[in-house]
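The values are calculated or read from the model by the stated rules, or taken from the named source; none is laboratory data. Just so it is clear, the structure is predicted and the values come from calculations on it, not from any experiment. Reconstructed Cβ throughout: ideal geometry from the backbone, glycine too, with neighbour counts over all protein chains shown.
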Amino acid sequence: MLQVLFRILLPGFSLAVAGFAAYPKAYFSQWTGPVAVVSASQNKTASKIPRAAGSAPVISRNGKVLVELNGDFMMIIDTASKQILRTIQLEFTPNPSAAITSDGATVFAVTGTSIAFFDVASGVMIKSVSLPNSLNASVFLALSPDDQTIYTLYGNGPQSLCAIIVATASIRACLPVKSYNSEIFTRAMTVSADGARVYAFSFTTDLGEFDSGTLALLRNMRIADFSSAVDSLVYSRPQNAVYVSTYNYGNLTGNVYRVDLAKFAITAQHGLPAEPLDIAVTPDGNEVYIAGRGYPFGVYEGTTLAQTGTVNVGPTFGVVCGPY
């Protein structure tokens with residue numbers, strides 16, 4: 001499988017939406033071309049946010065600020081006006097990753113071997129923290145619900161799971177985890193709504209549940225065999241579940257899984273006829289959305305993963321739902 005930065009996604013899109021229940025908005029990113037904004041409240045409508053980046057988008061919990069990344073720059077977008085507020089240059093990283101505070105005031109982005117903290121209003125970097133042994137490594141970020149801790153998973157070969165205190169820009173703890181083929185991930189980790197658990201892929205398709213305080217591995221489960229690779233995962237509080245998208249080596253297909261966290265077991269699965277690259281869940285947990293190349297991916301019911309609709313925005317690299 002080629003590295004993320006070499007996946008070719010075509011510009012432009014067409015839109016067809018069917019079978020949606022009401023939710024705020026879903027933002028579909030493309031490698032080039034505009035962000036497609038799907039609004040079910042107006043039924044079968046879409047608008048565009050012109051820009052030229054597109055991977056692993058993140059949105060503030062209040063839904064006001066959208067962040068788009070590529071390998072060496074970041075765009076900060078006002079969702080109300082659909083205008084790019086500013087573009088910030090970053091140092092190259094193999095898998096770009098970012099996080100943003102609930103109020104949209106501060107964005108955290110991987111730049112080179114550091115995590116930089118940017119003030120959204122001014123675009124100025126206000127502090128940073130260096131990550132040991134992270135040169136040319138894939139670095140993934142997830143922010144705690146109280147905006148006080150950044151969790152990062154990174155490394156070349158052996159990986160480190162670290163907790164970073166936002167207030168002091170200092171590393172609180174680090175724990176080595178098993179190595180995995182990190183070039184395949186769009187999002188490799190997420191945090192539970194109460195901030196007590198971190199979920200990350202500790203070895204290829206093994207999902208690990210970690211204590212957010214000690215970073216100790218509490219539970220571990222195999223999502224798929226080694227003929228597959230994980231692309232993305234996302235947490236849903238209403239469902240008390242994580243959703244995982246995987247890619248099947250060799251045949252350009254994929255799967256989406258629902259993992260019930262109370263049971264710590266897969267309770268639903270849906271096959272996909274093309275490779276998924278990202279996954280998002282609506283704030284109410286009722287619908288799951290997939291971004292990927294080529295195929296017009298569906299809308300999937302949050303509990304059963306039964307397909308309830310279709311979104312056709314052309315090849316897409318990322319998707320995020322908000323506000324929360």
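Looking for something touching a residue at least 24 places away in the same chain (Cβ under 8 Å), farther than 22 Å from THR79 by Cα and among the small types (Gly, Ala, Ser) - is there at least one such residue anywhere in segment 270-291?
Within segment 270-291, the subset touching a residue at least 24 places away in the same chain (Cβ under 8 Å) is 270, 272, 275-291.
Going one step further and asking which of them are farther than 22 Å from THR79 by Cα, we end up with 270, 272, 275-277, 286.
Next, only the ones that are among the small types (Gly, Ala, Ser) stay: none.
The answer is no, given that none of the residues of segment 270-291 is touching a residue at least 24 places away in the same chain (Cβ under 8 Å), farther than 22 Å from THR79 by Cα and among the small types (Gly, Ala, Ser).
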Name the residue that is modelled with the highest pLDDT, counting only residues in segment 259-286 that are under 16 Å from the mean Cα position of the chain (by Cα) and charged (D, E, K, R).
ASP278
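Residues checked against (1) closer than 22 Å to ASP146 by Cβ; (2) over 16 Å from the mean Cα position of the chain (by Cα); (3) of a type in the set (D, E, K, R); (4) at pLDDT 95 or above:
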site: THR190; (1), (2), (3), (4): yes, no, no, no
site: ALA196; (1), (2), (3), (4): yes, yes, no, yes
site: PHE210; (1), (2), (3), (4): yes, yes, no, no
site: VAL244; (1), (2), (3), (4): no, no, no, no
Step by step: first the residues of segment 106-130, then only those that are touching a residue at least 40 places away in the same chain (Cβ under 8 Å) and assigned to a loop (DSSP other than H, G, I, E, B), then the one that is farthest from the chain's Cα centre (by Cα). Which residue is that?
GLY123
Would you mention how many residues in segment 99-111 are under 12 Å from LYS64 (Cβ atoms) and surrounded by fewer than 22 Cβ atoms within 10 Å (Cβ to Cβ)?
4
Restricting to segment 234-273, name every residue that is within 21 Å of ALA56 (Cα to Cα) and of a type in the set (Phe, Trp, Tyr).
TYR235, TYR243, TYR247, TYR257
Counting only residues that are closer than 16 Å to THR190 by Cα, over 17 Å from the mean Cα position of the chain (by Cα) and either modelled with pLDDT of 95 or more or of a type in the set (Lys, Arg) (or both), segment 217-237 contains a total of 1
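Which is at positive phi and either in a loop (DSSP other than H, G, I, E, B) or not β-branched (Val, Ile, Thr) (or both), of GLY213, GLY254, GLY250? Full working, then the answer.
Values: GLY213 fails: at positive phi; GLY254 fails: at positive phi.
Every option except GLY250 fails the conditions.
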Checking THR214 against (1) within 27 Å of THR149 (Cβ to Cβ); (2) within 16 Å of the chain's Cα centre (by Cα); (3) polar (S, T, N, Q), the condition it does not meet
(2)
I'm trying to understand the selection: among the residues of segment 216-244, which are part of a strand (DSSP E or B) and farther than 29 Å from ALA173 by Cβ?
SER228
Is it the case that segment 282-296 has a residue that's touching a Phe, Trp or Tyr at 6+ places or on another chain (Cβ under 8 Å), of a type in the set (A, V, I, L, M, F, W, C) and farther than 21 Å from GLN30 by Cα?
no
Restricted to segment 275-292, and to residues that are in a strand (DSSP E or B) and among the charged types (D, E, K, R), which residue is surrounded by the most Cβ atoms within 10 Å (Cβ to Cβ)?
ASP278
Take LEU131 and decide whether it is modelled with pLDDT of 80 or more, out of contact with any Leu (no Cβ under 9 Å at 6 or more places or on another chain), surrounded by 14 or more Cβ atoms within 10 Å (Cβ to Cβ) and over 21 Å from ILE76 (Cα atoms).
yes
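Rundown of residues vs (1) surrounded by fewer than 16 Cβ atoms within 10 Å (Cβ to Cβ); (2) free of Cβ contacts under 8 Å to residues at least 40 places away in the same chain; (3) touching a Leu at 6+ places or on another chain (Cβ under 8 Å); (4) not small (Gly, Ala, Ser), yes/no style:
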position	(1), (2), (3), (4)
VAL67	no, no, no, yes
ILE76	no, no, yes, yes
THR93	no, no, no, yes
SER97	no, no, yes, no
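Does THR113 satisfy the condition of being at pLDDT below 90 and over 22 Å from ALA36 (Cα atoms)? Don't jump to the end; show me each part of the working.
On the way: at pLDDT below 90: yes; over 22 Å from ALA36 (Cα atoms): yes.
Judged against the criteria, THR113 is a match.
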State whether one or more residues within segment 305-313 are crowded, with 17+ Cβ neighbours inside 10 Å and either within 21 Å of ALA224 (Cβ to Cβ) or free of Cβ contacts under 8 Å to residues at least 12 places away in the same chain (or both).
yes
Taking segment 206-222 and keeping residues surrounded by fewer than 20 Cβ atoms within 10 Å (Cβ to Cβ), under 23 Å from VAL288 (Cβ atoms) and not acidic (Asp, Glu) leaves ARG219, MET221, ARG222
